[in-house]
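Student: Starting off with a structure, shown below.
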Amino acid sequence: MVVRHITNASRGTANAWHFYYALVFVITVLCGKLVVALAAP
């Protein structure tokens, strides 16, 4: 039971990190597009 709980906790942490990196990636892409749009005359 304890091992199963640890596995579920680590899985949740991995999902949180994956979500965080995906969010950062999306923001980076959006910021990049915004900079290109502002730089273009």
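Student: If you go through segment 1-32 one residue at a time, how many are of a type in the set (D, E, K, R) and loosely packed, with under 10 Cβ neighbours inside 10 Å?
Tutor: Qualifying residue count, segment 1-32: 1.
Student: Test residue 38 against the criterion of being modelled with pLDDT of 80 or more, surrounded by 10 or more Cβ atoms within 10 Å (Cβ to Cβ) and assigned to a helix (DSSP H, G or I), and give yes or no.
Tutor: no
Student: Now for a different question. For residue 30, only one of the following conditions fails: (1) at pLDDT 85 or above; (2) under 12 Å from the mean Cα position of the chain (by Cα). What is its number?
Tutor: For residue 30, the exception is condition (2).
The values are calculated or read from the model by the stated rules, or taken from the named source; none is laboratory data. Just so you know, these numbers come straight off a predicted model, no measurement behind them. Backbone-built Cβ (ideal geometry, glycine too); neighbour counts: all protein chains shown.
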